[in-house]
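Report on the structure given below.
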Amino acid sequence: MIKDIILSQQNTLKNTLSKKYIKRDVELGLNKNNSLIKVIIGPRRAGKSYFAIHKLRETENFGYVNFDDERIRNLKNNDEINEAVNSVYGNPEYLLLDEIQNLSKWELFVNRLQREGYKLVLTGSNSNLLSSELATHLTGRYLPYFIFPFSFKEYLRVFSSKKKISNKNHLNNYIESGGFPEILLFDIDLKNYIETLLQSILLKDIVIRYKIRLADEIQKLANYVIINTGSEFSYSKISRYLKIRSDKTVEKFIKYFENVFLLFQVSRFSYKYKNQITYNKKLYTYDNAFLQGNEYFYGFNKGKLLENLVAVHLKQKEFINNEKLFYYRTKNNYEVDFLVEKNGKILKLIQVCYDLSNIKTFEREIRSLLIAGRELNCKELVIINPDEEMLKEYSYSGTKQTIKLVSAQNILLK
């Protein structure tokens, strides 16, 4: 029985290896002398398995088990899995364990396999796999890797062999379509794809995993926070607006959304950690397709789409470079979209402005940056926009400061 399942999954593996692969900007670092477990995490359908499979094909032999398969995740005896893999793949040196968080007591299984000499690659769609479970059970014995939907640079590779289109037009398309590989590579309808994907995330990764009985409230809350991407929120206001029984329930559900890489929170910056916890936060989705695929989102809001795109780009930097992401409000309540901080130093303040021709909006963005730059003693002031590239000096209360206008495509290609 188990062997038949592994054989079936092997056929899926062969099919995946036969498909077109777009190089990702992540290096897995396979090395026969390196026994550290490779842990690849990120949103569902972002390409984690695809990436791992195509990297592992460089090895002489690897085995594959997909724990998203309900026939295998609840086995009482994990030794059966091990025996079936060895039989089908001929005692492989490497093992790819896909969506490992679905296996009960997976950490015991992984620990034992490593002791037996296997070189392991794990994928997971739950951030707890890294933040708590791995840190507890595999301390010092793993390397984390993050796979998001295609970045703009990776997106351009999808269309590299097609008729030349300017990067500006590609950027407009990317803003609207997002970066989920299957949508781009296989010409799948975005709205149907996202509707199905969201239902899968909510049901498999939240309702079933956390034994939630309020499935309707989960769906209602997910739609609400997605269409309000980039807006400040409080748990109590959402609770009252959606008539969810308590703000603690809202807080718990939003944490689940974060765990499964549906969205992430951005805190308001303060030098006092207590304030960072108590101030209202903002939410962003991990890909613009979640916005465009939502029936309640009006797709002409290019400003919100561009802001979300920049937020995701900066979130990737946070994972890779340990640059912490915040937003900021000045003492007189002017807002700055993003503040980037590392090791206690504020690196830059960023506004996102889709339409520079709107004079009032542009002047507001400049004023907020100048005031915030002065309050925080930050010299790197940036306005990200679709086209313009220039340095310009502005003055506020007698203090001259330089603001960089930077095109979104140049930011996203770094």
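Assorted remarks:
- Single residue of segment 45-95 satisfying the filter (free of Cβ contacts under 8 Å to residues at least 60 places away in the same chain and part of a strand (DSSP E or B)) that is surrounded by the fewest Cβ atoms within 10 Å (Cβ to Cβ): 66
- Tally of residues being within 24 Å of residue 155 (Cα to Cα) and basic (Lys, Arg) across segment 186-218: 1
- Listing of helices (runs of 4 or more DSSP H) fully contained in segment 252-325 that carry 3 or more residues being out of contact with any strand residue (DSSP E or B) (no Cβ under 7 Å at 6 or more places or on another chain) and either surrounded by 14 or more Cβ atoms within 10 Å (Cβ to Cβ) or at positive phi (or both): 288-292, 302-321
- For segment 32-51, the criterion of being among the polar types (S, T, N, Q) and more than 24 Å from residue 111 (Cα to Cα) is met by none of the residues.
- Positions within segment 51-77 being within 25 Å of the chain's Cα centre (by Cα), of a type outside the set (Lys, Arg) and within 21 Å of residue 20 (Cβ to Cβ), in sequence order: 51, 52, 53, 54, 56, 64, 66
- Of all the residues in segment 46-67, those that are closer than 25 Å to residue 4 by Cα and in contact with a helix residue (DSSP H, G or I) (Cβ under 9 Å, 6 or more places away or on another chain) number 12.
- Of all residues making up segment 335-372, the number that are more than 26 Å from the chain's Cα centre (by Cα) and among the polar types (S, T, N, Q): 4
- Near pairs, Cβ below 7 angstrom, 6+ apart or cross-chain, from segment 216-229 (in a helix (DSSP H, G or I)) to any residue that is modelled with pLDDT of 95 or more and among the hydroxyl-bearing types (Ser, Thr, Tyr): 226/285
- Cross-chain or 6+ apart pairs with Cβ under 9 Å, segment 318-341 first and under 13 Å from residue 232 (Cα atoms), then in a strand (DSSP E or B) and of a type in the set (Gly, Ala, Ser): 326/267; 327/267
- Test for residue 175: is it in contact with a Lys or Arg (Cβ under 9 Å, 6 or more places away or on another chain), assigned to a helix (DSSP H, G or I) and surrounded by 15 or more Cβ atoms within 10 Å (Cβ to Cβ): yes
- Test: residue in segment 171-182 that is in contact with a Gly (Cβ under 9 Å, 6 or more places away or on another chain) and modelled with pLDDT under 90: no
- When we screen 73, 24 for residues that are at pLDDT below 90 and either hydrophobic (A, V, I, L, M, F, W, C) or in contact with a helix residue (DSSP H, G or I) (Cβ under 6 Å, 6 or more places away or on another chain) (or both), the only hit is 73.
- Restricting segment 354-384 to residues that are of a type in the set (Lys, Arg) and not in a loop (DSSP other than H, G, I, E, B), the residue that is farthest from residue 269 (Cα to Cα) is 360.
- Residue ID - surrounded by the most Cβ atoms within 10 Å (Cβ to Cβ), chosen from residues in segment 385-414 that are touching a residue at least 24 places away in the same chain (Cβ under 8 Å) and outside any strand (DSSP E or B): 408
- Residue check for residue 99: of a type outside the set (S, T, N, Q) and either farther than 28 Å from residue 287 by Cα or surrounded by fewer than 16 Cβ atoms within 10 Å (Cβ to Cβ) (or both): no
The values are calculated or read from the model by the stated rules, or taken from the named source; none is laboratory data. Remember, it's a predicted structure, so these values are computed and weren't measured experimentally. Positions of Cβ are backbone-derived with ideal geometry, glycine not excepted, and every protein chain shown enters the neighbour counts.
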